[in-house]
Every structure is written in structure tokens, then in C-alpha cells.
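Notes for the one structure printed next.
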Amino acid sequence: MKRTVWAAGATAAAVGVGVTTAGAAPTGASDGIRTQVVVDGQAQPVFAARPADWIVKEAWVSVPVDSDHDGRPDRAHIRYAVAKDAPQRVPVIMVASPYWVGVNDVANHNVDHDLYDPDTRAGARQPGHERATGGGVQLLDRWTAATWISRGFGYVEFESLGTGGSTGCPTTGGANDSLGPKAAIDWLNGRASAVDASGRAVAAGWSNGRVGMIGTSYDGTLPNAVATTGVEGLEALIPISAISDWYGYYRAGGAVVAPEGYQGEDADVLAKFVLMRANRAICKPVINTLARQQDRVTGDLNSFWAQRSYLADVSRVKAAVYVAHGLQDWNVKPSQAGLWYRALRAQGTPAKIFWHQWGHGGPPPLYEQNRWFTRYVLGVRNGVESDPRAIIETPEGTSPRYADWPLPGSAARTTTLADLTLRAGASGRLLTFADDPRQSLIPFTTSPTRSTGLAFATAPLTANTRLSGFASADLRLALGQGNANLSIGVFDLNARGMATLITQGWADPQNRNSLWRTDAITPGQFMRVRVDLEANDHVIAKGHRIGVTILQSDHEFTIRPPAGKTMTIDTRASTITLPLTQPLP
């Protein structure tokens, strides 16, 4: 085992801790203070792991924003801890969350209504009422705290504005989502003020100012948000199943599209869901503004959503980012990770990606997290920047490593729909089908019905073929009326006809020219519509076929209008493009 030694001199002074090896006298041993130990590039758990042996406190950090419009700066409540036997100044791991003290029971929007037409607007159902649950002041995630405190890090639990003991209002990706945790990092670096429960000023003299952030879902989204502020001191983050663009979470191609399992949720619903502060009534105007500005009617991109795109501000990211995501996560869909990683790599930011085969959640292995934070937060040069950049778990549970993602060697392969086999019904150049909003992509693909959708397939593959990256469709189509949903899925079809979803995507034909603009549709007039499908990585076995399914509404994801709307696809002028390691058969 290779061990790294830091004397309590030049290198240690830059980071604020000492690092020792087996056989070396621990710096500070005479006064009972241990030093950091790094083995094979990983900080070791040599410090107190029991909460009874930690110093645990709380504070309220002043945030330079007034999101509840009460005339005073918001205050963010934090809990923080450090081992009693830790060095005098330590780096910090922070978990920011709106969920620390629970959530409310709220109603989602109604989705069983007609789609928007430029001549008529459909009314949205008003959200329902909420019931609150309480919380307390203590370290609420002792397992995560122990993981990092025992390795010589301080630990901070940050309560998002509008939740728990924090003031302000939740805004679902608004500026205060970024500015709140940023203020905590500024406090850890001596650049912001905080008070304790008695109102006395409190400083973070135990922090050396170097911070890492980690979390899952919304808790993973907040590190992305803070990183785009470019705050000094945020050295590394591990966003797990995290959002990089809120429009892409609640919309797709101009269509109102739900996260899986949360049909009818939107930005205003999520804000009410996490609103757990005292005096919640003060936030009612803020949430009403969210409901108005999010625009569930047209689904267009607007300034509300543009302000909630971390992709747009990726150039400000200075921290090293280890992205982790599930390939079957249809809540926070895979492109949230794929686009974020691609943007980081394009600008040269230190970045790595971990894909697993499951759904929402799922962090990289602990040793991967440890090496990342040891390198970029603790500051030990352990060679992590020379490791392969991508880990892609297999269905069998192995974790092969690759130079990058998408896999080198994958290339865009394009085919027309006319060159594929229609799996149900008679083929032809122009194929018309009617909408059935009770349908979803997966069950339809297993048993396609020609009258309500189109299911195509390639010939059997002649070699194992990997899809790695971003797929898309470019369709020439006409509608029998002024609006329709458009849903597309790509499948792995085995010899027995079982369909495994690889990727899917949705669009609103009214946004065919721009996500920012709804353009009226002339019934019967052909137009071109592009659909960007979600990022993915999947190996299709030799002998299997690649399936392509086209529906209008997708019951689990889209608005569900009255049945019967018609769509005609020109199969000769419509294409599907897949990032594959082998040519299409």
C-alpha cells in the first residue's frame, strides 16, 4: 500500500491539515490531535466516528437575497460538526437540501385536458392544500457525517431557503437556490457573517475554506447550482441523479413532460412541497409567481426557465465534478447528466462520469467518492485526474472503465423509417394513426396496434452493438388538427419479442422552429419536427433488433388530451439517428 506523507509545513499549510503514514510520528500527537492518513489515494477513517466524539453546532448564515420580500436578507440555517480529535483546521463536505425536516402533501396539476391551441387556452387546475411536518435541530444524516468526519473533514448540513430553520422562500432552481449554499461556503472562508441561536456572531475558524458537496436528486442539483456561481472555495462536487437544466426536467421539445412517477408536478408544486419554514404564508405570492411564469399552457422556453439552466452558466464552474446517474432514471432523465458532463468536458473542467443500470439515485462506489474528495478537497495528488473518465456498470454488476463517454468509436448512424420493418399493419410511405392517451411507449412496443401508433424494427444485428450517447429523430409529419403530442422510444427487441427501453424523447410540433416560440399548425400541411432523445448507454446483443416506436401522447409523461387526434408520418423523409459502435444492418 502506498501512503502519502505531509509534514506540517509547506504542503500542509496550503490545505490546513497534516497527512502522515504508517511509521511516522503523527503531527500534533503530543496534544492528542491526530493527523490525516491517506492510503492508496484515499483519506482513511482515523478520526472519531461516534457523534458523542464530535463538536456539533448550528448557525444562521446571512444570504445576500431577500426571496420572501420581508425587507431583510434571508438567513440560512446550517448544522455543522467536526471530530474533537481532528486537526485545528479541516476541509469540509457539505450536503445542501430542502428535505431535512420533511415535506408537505400537495396536489399536482391536472393533466387530463386538451393541448394548447393558439386560438384557445385551456385552464389549469389550481393546486391543492398542504400539510406540514416538523423537524428538529440536530445532525440529521449521521451516516454521511460519520463517513467524512472520520476521514478528517468537517461536515455541514445546509437547509435550503424556505425550509426548516431557514427564512426566505423556495423557488425551484431560482437564484436563491444558488446563493444560499454559496453564502455558507463564503462563511466557511470568512467572507460572510453568521450568528448562533442567541444572535451572537460566529466564525468558522475550524474550516480551512476548501469545500466539497455531494447529494442525490434535489440535493445533487444544488451542488450544480452553487458551482455555476464560481464561488471560491468550492473545490469538488459529486452530483447524483441531479438536474442541470430545470426546463429539461419539466419540459421536452416544447411539450409539458412530467418526471416519471410525478405526473402533473411542476416548479410551483415542488416549491410548495418543500416549503417547511415557519410563516409559510409569506411565500404564497412567490409561489403564485412561479405558477404564472412556468407556463404549463404552451410549454415554451422563456426567461423563467432560462434563469434555471446551469448548462447556460457552465463556463463559471471551477470545481471538479464527478457526475453519477442511472441509465434507467426517468425521473431526473439521463440527459441531465449527459449534457452536463459533455459541457464540462468541452471546456476542460476536471470531470468524471459514473453510469449505473438502475433508476433514480445511486452514488459512485465510496472509494471513488473518497479519491475524488481526497484529490480535490483534501488536496492530495493521488492521480485521480489520470484515471479513465467513465465507469459504466453492466447489467451483470461489473464496473468496466472507459477512456471517456460517449464511448470512443461510437458514431452517428442514420436510417429512414422506410428502411425499417413496420411491426404491425401494412407499410407505406404515408402512415396515419390516431392518438390514444391511455397508451405508454413500453406496453405499446410489446404489443403494437397499427391504428394508434407506429412500431418499426431493424433487421437482426450481425454483431453486438453499443448505443452510447445521444439519439435523435427528424420527422416529416402532418397533423389532422392544430396540435398533438409526439413521443418516441428506441428499444432492444430480443428474439422472443420482449422489448427493453433504451431511450425515449418527447416534443410539441408547435415548437418545431424554436423552443421559445409556439407556431400555429395548419392541419394537413407537412412540416419537419426534430426530437432529441435522452442520453443513454446500452449494449444490444447480436441477433436482437433495434425497435423504434412513435406515439402521440405518452400516458405516464405527457398531457393527456381527448383521444382521436391524427398524425401522418412520411416514412421516406423521416429519419432516426443513433450513436452506435457498429453500422445498422
Exercise. For residues in segment 493-520 being among the hydrophobic types (A, V, I, L, M, F, W, C) and touching a helix residue (DSSP H, G or I) at 6+ places or on another chain (Cβ under 6 Å), which is surrounded by the most Cβ atoms within 10 Å (Cβ to Cβ)?
Worked result: Ala499
For this session: Please enumerate the residues belonging to segment 549-585 that are among the β-branched types (Val, Ile, Thr), part of a loop (DSSP other than H, G, I, E, B) and farther than 12 Å from Ala484 by Cβ.
Result: Thr581
For this session: Starting from segment 83-110, keep only residues that are on the phi > 0 side of the Ramachandran plot, then list their pairs with residues that are surrounded by fewer than 18 Cβ atoms within 10 Å (Cβ to Cβ) whose Cβ atoms are within a distance under 8 Å, requiring at least 6 positions of separation or different chains.
Result: Gly102/Ala132; Gly102/Thr133; Gly102/Gly134; Gly102/Gly135
For this session: Tell me which of these Gly102 doesn't satisfy, since it passes every other one: (1) touching a Phe, Trp or Tyr at 6+ places or on another chain (Cβ under 6 Å); (2) surrounded by fewer than 24 Cβ atoms within 10 Å (Cβ to Cβ); (3) not polar (S, T, N, Q).
Result: (1)
For this session: Select, from Val321, Val256, Val314, the only residue that is aliphatic (A, V, I, L, M), out of contact with any His (no Cβ under 6 Å at 6 or more places or on another chain) and either over 22 Å from Val377 (Cα atoms) or without any contact (Cβ under 8 Å) to a residue 60 or more places away in the chain (or both).
Result: Val256
Exercise. Quick one: how many residues across segment 43-82 are part of a helix (DSSP H, G or I) and on the phi > 0 side of the Ramachandran plot?
Worked result: 0
Problem set entry | Lone unmet requirement of (1) within 18 Å of Ala535 (Cβ to Cβ); (2) not in a helix (DSSP H, G or I) for Glu396 | (1)
Seminar exercise, completed: Among Arg381, Arg375, the single one that is assigned to a helix (DSSP H, G or I), over 30 Å from Gly497 (Cα atoms) and of a type in the set (D, E, K, R) is Arg375
Exercise. For Leu467, are the conditions met, namely being under 30 Å from Asp295 (Cα atoms), part of a strand (DSSP E or B) and not small (Gly, Ala, Ser)?
Worked result: no
For this session: For residues that are out of contact with any helix residue (DSSP H, G or I) (no Cβ under 7 Å at 6 or more places or on another chain) and among the β-branched types (Val, Ile, Thr), scanning just segment 69-109, find the one that is nearest to Ile559 (Cα to Cα).
Result: Val101
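Residue-by-condition table, conditions (1) out of contact with any Gly (no Cβ under 8 Å at 6 or more places or on another chain); (2) not in a loop (DSSP other than H, G, I, E, B):
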{"position": "Leu461", "(1), (2)": "no, no"}
{"position": "Leu477", "(1), (2)": "yes, yes"}
{"position": "Gln481", "(1), (2)": "yes, no"}
{"position": "Ala484", "(1), (2)": "yes, no"}
{"position": "Asp492", "(1), (2)": "no, yes"}
{"position": "Gly505", "(1), (2)": "no, yes"}
{"position": "Trp516", "(1), (2)": "yes, no"}
{"position": "Val539", "(1), (2)": "yes, yes"}
For this session: For segment 197-207, indicate whether the set of residues that are closer than 24 Å to Arg371 by Cα, at pLDDT 95 or above and in a strand (DSSP E or B) is non-empty.
Result: yes
For this session: Among the candidates Val231, Val256, Val269, Val211, single out the residue that is farther than 27 Å from Trp143 by Cα, more than 14 Å from the chain's Cα centre (by Cα) and assigned to a strand (DSSP E or B).
Result: Val256
Exercise. So which of Val321, Val332 ends up being among the β-branched types (Val, Ile, Thr), assigned to a loop (DSSP other than H, G, I, E, B) and touching a strand residue (DSSP E or B) at 6+ places or on another chain (Cβ under 9 Å)?
Worked result: Val332
For this session: Please indicate, with yes or no, whether at least one residue in segment 293-310 is touching a strand residue (DSSP E or B) at 6+ places or on another chain (Cβ under 8 Å), assigned to a helix (DSSP H, G or I) and not assigned by TED's automatic domain parsing to the domain that holds Arg530.
Result: yes
For this session: Go through segment 477-519 and give me each residue that's without any contact (Cβ under 8 Å) to a residue 12 or more places away in the chain and among the acidic types (Asp, Glu).
Result: Asp519
Exercise. Quick check: is even one residue across segment 254-265 at positive phi, in the same structural domain as Arg308 (by TED's automatic domain parsing) and crowded, with 24+ Cβ neighbours inside 10 Å?
Worked result: yes
For this session: Test Gln294 against the criterion of being farther than 25 Å from Ile488 by Cβ and either buried (at least 23 other Cβ atoms within 10 Å of the Cβ) or in contact with a Gly (Cβ under 9 Å, 6 or more places away or on another chain) (or both), and give yes or no.
Result: no
For this session: Determine the pairs where a residue that is closer than 10 Å to Ala455 by Cβ, located within segment 413-427, has a partner that is modelled with pLDDT under 95 and outside any loop (DSSP other than H, G, I, E, B) with Cβ atoms under 8 Å apart, the partner being 6 or more residues away or on another chain.
Result: none
Exercise. Do we find a residue being within 18 Å of Val90 (Cα to Cα) and small (Gly, Ala, Ser) anywhere in segment 166-188?
Worked result: yes
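The values are calculated or read from the model by the stated rules, or taken from the named source; none is laboratory data. Keep in mind that what you see is a predicted model, and the values were worked out from it rather than measured. Using ideal geometry, Cβ is built from the backbone for each residue, glycine included, and neighbour counts are taken over all protein chains shown.
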